[in-house]
1. For region 163-202, which positions are farther than 22 Å from E378 by Cα and touching a residue at least 40 places away in the same chain (Cβ under 8 Å)?
2. Could you tell me whether any residue of region 260-278 is within 16 Å of the chain's Cα centre (by Cα) and acidic (D, E)?
3. Considering only residues that are away from ligand 2 (no atom under 16 Å from the Cβ) and either closer than 15 Å to E8 by Cα or of a type in the set (D, E) (or both), which ones fall in region 263-277?
4. Please give the helices (runs of 4 or more DSSP H) falling wholly within region 1-85 in which 3 or more residues are modelled with pLDDT of 95 or more and acidic (D, E).
5. Any residue that is over 25 Å from Y183 (Cα atoms) and either crowded, with 16+ Cβ neighbours inside 10 Å or modelled with pLDDT under 95 (or both) - is there at least one of those in region 142-152?
6. Would you point out which residue out of T97, T90 is out of contact with any strand residue (DSSP E or B) (no Cβ under 9 Å at 6 or more places or on another chain) and within 14 Å of ligand 1 (Cβ to nearest atom)?
7. Kindly evaluate M329 against the criterion of being at pLDDT 95 or above and either acidic (D, E) or within 16 Å of ligand 1 (Cβ to nearest atom) (or both).
8. Report every pair of residues separated by at least 6 positions or lying on different chains whose Cβ atoms are under 7 Å apart, first residue within region 412-430 and closer than 20 Å to G351 by Cα, second aromatic (F, W, Y).
Amino acid sequence: MYWEKDIETLPREKLEAVQLERLKSTLQRAAKSAHYGSVFKEKGFDPAKFNALHDVRHIPLTTKEDLRASWPYGFLAVSKDELVRMHSSTGTTGRATVIFHTANDVSEWTNLVARCMYMAGVRKGDVFQNMMTYGLFTGGLGFHYGAEKIGALVIPAGAGNSKRQIQLMRDFETTVIHIIPSYALHLYTVFEEVGLDPKKDTKLKIAFVGAEPHSEKTRKRIEEFYGIKAYNSYGLSEMNGPGVAFECPCQTGLHIWEDNFIVEIINPDTLEPLPDGEEGELVMTTLLREGMPILRYRTKDLTRIVPGACECGRTHRRIDRIKGRTDDMLIIKGVNIFPIQVEKKLMEIPGVGTDYVIILEREGFNDVMIVKAEVQKEFFDGDLFHLEALQKRIVEALKSDILITPKVDLVAPGSLPKTEGKAVRVIDNRKE
Ligand code: AMP
Ligand code: ZN
């Protein structure tokens, strides 16, 4: 049943012993990099003296700004000729951060992705269509190698070109896809447009959806539209990319692979560690990285550790669905809102289509929130009266949840601009 049963179900004490050994050697390796070499010296941190897992909290934190300040080679713990691969983050603000891998790093990463895919049921004989951008973004090559390791037939379709994606799926009987959730919803509208039903006209069984925040309701919609199981896949380039945390068939959180990473949740303001169950910022440390070890990386992603053991028997702890990033939080009229809260409400309402965008404007001294939402075809072509009722319903639903009365603008299905990568959910025109 398991890809790596012994590791995945390792009793906690043994798992923690593995972590400690790996962390000790990671600290020694990290000390060789220009960045940690000088940080350790400055903070008086001696890696040779580190001897207890609970002392992790005393290791200096690392931020995206640190990675930028040491761009491009300041985090390297090996000589450049040991490196075989470079990737980068997809951030839209500031300089993208780059991550370098040795051959062993790529191989360990591949193992993790294979472990995740196998956990969700992918086997040799499956046909895997990877609809992520290939290139610097990790979602393309990361999944590609993992699927090949399992022995699946990989179709490196890349992102976009929806009609061709559907054609490939049908011609080669694709059983597994990897897709950005917003694109999965959009692709369904293209199926409708060409008069096909993915439930009947494809052999799809499993989708891996990730790379951007999405609500449980969005997952359910994807599962219903395609007649498949959709598994949440979480990762970030600084921790390899995909393969960091994945849902098992129980779908009660994402197992985060603790033989490869130390996981902490901290209070983003006080930087103090939080107990399991409490929501805060996810902080991660690589345990096997050779090329570029990263210690206590502040992911900016908000989540919590799901307390207790998972029914599947795996002992690695689970994180909850990501609520958003600390830097995604919108402050509108003094109220803190995450875009995912808007999505959650929208996707609950029948008649709302598959795409939306939040636009923020300043009128005089007032913040105005405009939610543009695509409407399902039947609604859009139907009675104006129904459209108005839908609009009212959305305003009421959002008002009761986020305490702000938005303007709601209903638009035709497929009319909002689409991106090939992560969806743009917020346009903030309030900044000068
Ligand atoms: P990148 O390093 O450019 O691939 O971006 C990684 C970031 O994408 C993460 O830090 C998260 O903010 C976001 N992300 C990736 N996977 C998910 C997911 N399954 N759910 C929510 N956000 C995600
Ligand atoms: Zn599980």
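The values are calculated or read from the model by the stated rules, or taken from the named source; none is laboratory data. Predicted model only: the values in this text are computed from it and were never measured. Positions of Cβ are backbone-derived with ideal geometry, glycine not excepted, and every protein chain shown enters the neighbour counts.
1. Listed by number, the residues that qualify are M169, F172, E173, T174, T175, V176, I177, H178, I179, I180, P181.
2. There is no residue in region 260-278 that is within 16 Å of the chain's Cα centre (by Cα) and acidic (D, E).
3. Residues of region 263-277 away from ligand 2 (no atom under 16 Å from the Cβ): 264-275, 277.
Listed by number, the residues that qualify are E264, D269, E272.
4. Values: elements: 5-8, 12-30, 34-43, 64-69.
The qualifying helices (runs of 4 or more DSSP H) are 12-30.
5. Filtering region 142-152 down to residues over 25 Å from Y183 (Cα atoms) leaves 149-151.
Imposing the further condition that a residue be either crowded, with 16+ Cβ neighbours inside 10 Å or modelled with pLDDT under 95 (or both) reduces the set to 149-150.
Taking every residue of region 142-152 in turn, at least one turns out to be over 25 Å from Y183 (Cα atoms) and either crowded, with 16+ Cβ neighbours inside 10 Å or modelled with pLDDT under 95 (or both).
6. On the way: T97 fails: out of contact with any strand residue (DSSP E or B) (no Cβ under 9 Å at 6 or more places or on another chain).
Unique residue meeting the criteria: T90.
7. Details: at pLDDT 95 or above: no; either acidic (D, E) or within 16 Å of ligand 1 (Cβ to nearest atom) (or both): yes.
No.
8. Taking only residues 6 or more apart or on different chains, the pairs are A412/F380; P413/F380.
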